[in-house]
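Accompanying notes for the structure given below.
The values are calculated or read from the model by the stated rules, or taken from the named source; none is laboratory data. Nothing here was measured: the structure is a model prediction, and the numbers come from that model. Neighbour counts run over all protein chains shown; Cβ positions are idealised from the backbone, glycine included. The accessibility values were calculated without ligands, DNA or RNA, using every heavy atom of the protein model including side chains. Shrake-Rupley method; radii C 1.70, N 1.55, O 1.52, S 1.80 Å.
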Amino acid sequence: STYAHEGNFVIWSIEGVAVWRFPKSRAADAYELSDRFNRLFKAGFELEDLQVEKSGGAWSLKIGKNSLYSVPADYAASIKQDAQKIALQMMSRVYEALGSRFAGKLTSDYQIRGKYDISAAVSWYGGKFIGKKFANGERFTDTHLTAAAKSLPFGTLVKLITPSGKYVVVRVTDRFKEHKNRVLDISHAAAELLGIKNAGTAAARIKVIGKVDRVGGK
């Protein structure tokens with residue numbers, strides 16, 4: 001990953017994809033974040049190791065047990081965003097950046113109703129599923145950016161874009177029986193980022209990025 005100065009901001013990027021824009025007053029955050037990511041990337045990690053957790057009283061983006069970025073309360077307040085949402089947005093954008101570089105070639109297995117790019121409805125889940133296992137064996141928390149799909153391979157990254165332009169990238173971890181026009185069931189955290197938490201279902205453009213397993217390392 002790299003960082004670059006652009007006007008009054010410092011842009012943190014992964015594989016040439018801009019992930020987060022810090023004001024110059026927080027340039028040190030961008031420098032440290034880039035260095036930490038590069039160290040962990042050098043060792044290599046599984047994409048499922050990327051998590052958002054609250055530790056030490058702060059919301060953090062982590063890779064395994066290693067904190068990648070702990071969102072400072074004063075920074076969250078300065079941009080008028082919830083610290084947890086900042087960490088989740090970062091995770092979504094890291095998914096997108098890594099997917100652009102490390103996703104395998106798309107085959108027909110990655111199609112939704114015969115396409116890689118489709119407009120359809122999505123629903124969301126949460127609450128009662130916390131602590132339970134997904135079909136792929138992972139255990140669900142309320143800070144997963146995940147989705148259940150009828151047949152997409154586990155680990156597939158999918159980008160969802162609402163008509164208002166909000167978007168999130170989720171990782172397929174579970175199975176879902178399609179209902180009429182609903183093709184994905186996304187996590188509560190993903191629904192919050194899309195701004196559809198108060199709706200049972202919502203329209204979205206759904207773009208399959210591909211599957212990413214281990215990144216970095218040798």
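Please go through segment 108-120 and give me each residue that is open to solvent by 20 Å² or more (accessible area, probe 1.4 Å) and either modelled with pLDDT of 95 or more or not charged (D, E, K, R) (or both), ordered by number. Scanning segment 108-120 gives Ser108, Asp109, Tyr110, Gln111, Gly114, Lys115, Tyr116, Asp117, Ile118, Ser119. Counting only strands (runs of 3 or more DSSP E) wholly contained in segment 112-218, the ones carrying 2 or more residues that are in contact with a strand residue (DSSP E or B) (Cβ under 7 Å, 6 or more places away or on another chain) and among the basic types (Lys, Arg) occupy 167-175, 201-211.
Given (1) at pLDDT 95 or above; (2) more than 18 Å from the chain's Cα centre (by Cα), where does Trp59 come up short, assuming only one miss? In the conditions (1) at pLDDT 95 or above; (2) more than 18 Å from the chain's Cα centre (by Cα), Trp59 misses (2) alone. Out of everything in segment 196-209 that is more than 18 Å from Glu96 (Cβ to Cβ) and among the small types (Gly, Ala, Ser), what residue ends up being modelled with the lowest pLDDT? The selected residue is Gly200. Pick from segment 127-140 the residues that are in contact (Cβ under 8 Å) with a residue 12 or more places away in the chain and farther than 17 Å from Arg175 by Cβ: which of them is most open to solvent (accessible area, probe 1.4 Å)? Here the answer is Ile130. Would segment 170-191 turn up any residue that is closer than 22 Å to Arg101 by Cβ and either open to solvent by 20 Å² or more (accessible area, probe 1.4 Å) or touching a helix residue (DSSP H, G or I) at 6+ places or on another chain (Cβ under 7 Å) (or both)? So far as segment 170-191 goes, yes, one or more of its residues are closer than 22 Å to Arg101 by Cβ and either open to solvent by 20 Å² or more (accessible area, probe 1.4 Å) or touching a helix residue (DSSP H, G or I) at 6+ places or on another chain (Cβ under 7 Å) (or both). Among the residues making up segment 118-158, those that are among the charged types (D, E, K, R) and in contact with a Ser or Thr (Cβ under 9 Å, 6 or more places away or on another chain) are Glu138, Asp142.
Of the residues making up segment 73-95, those that are surrounded by fewer than 18 Cβ atoms within 10 Å (Cβ to Cβ) and either among the basic types (Lys, Arg) or within 18 Å of Gly155 (Cβ to Cβ) (or both) are Lys80, Lys85. Residues in segment 57-64: is at least one in a strand (DSSP E or B), touching a helix residue (DSSP H, G or I) at 6+ places or on another chain (Cβ under 9 Å), open to solvent by less than 30 Å² (accessible area, probe 1.4 Å) and under 23 Å from Leu184 (Cα atoms)? No. Restricting segment 4-23 to residues that are within 18 Å of Ser70 (Cα to Cα) and not hydrophobic (A, V, I, L, M, F, W, C), which is surrounded by the most Cβ atoms within 10 Å (Cβ to Cβ)? Looking at residues that are within 18 Å of Ser70 (Cα to Cα) and not hydrophobic (A, V, I, L, M, F, W, C), I get Ser13. The set of residues in segment 65-105 being assigned to a loop (DSSP other than H, G, I, E, B), farther than 14 Å from Phe22 by Cα and in contact with a Lys or Arg (Cβ under 9 Å, 6 or more places away or on another chain) consists of Ala103, Gly104.
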